[in-house]
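K.L.:
Dropping a structure here in structure tokens format, bear with me for questions.
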Amino acid sequence: MPDKERTEMARKLYTTEELAARFRCTPHCVTDWIRKGCPTGAGRVKLPARKLGRRWFATEEDVLLFEHRSRPSHDGRPDLELDDE
């Protein structure tokens, strides 16, 4: 990936609300992925994010990394919902 594309991708910051819309879940669920991780067959995978003030933000690169890591090695996608603990 060229440096210019990587720089532009890293500039966009997504809020938990934007990520919730992208993954069709709640902002609370996204916050759980950041703090506790998303359950997968190989264990929990955390969504890399940064806290700026009182809100969490993730870059496009963070989101792509999370999507790649949370995919199972077999066909299909994992259940991205966390159980309330």
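K.L.:
So who's got an amide H within less than 5 Å of the one on THR40, skipping anything under 5 residues away but keeping other chains? H placed 1.01 Å off N, in plane.
P.N.:
Those lying under 5 Å, H to H, from THR40 are VAL45.
K.L.:
Further, regarding this structure: Students often check this: by mean Cβ neighbours within 10 Å, which of 51-57, 29-35, 15-21, 39-45 ranks highest, and how do the rest follow?
P.N.:
The packing order, highest mean first, is 29-35, 15-21, 39-45, 51-57.
K.L.:
Non-local amide H neighbours of TRP56 (under 5 Å, H modeled in plane, Pro and chain starts lacking H): which ones?
P.N.:
HN-HN under 5 Å from TRP56: THR16.
We did not get these values from a lab; they are worked out from the coordinates using the rules stated. Values in this document were obtained by computation on a predicted structure and should not be read as measured data. Cβ: placed from backbone, ideal geometry, glycine included. Neighbour counts: every protein chain shown.
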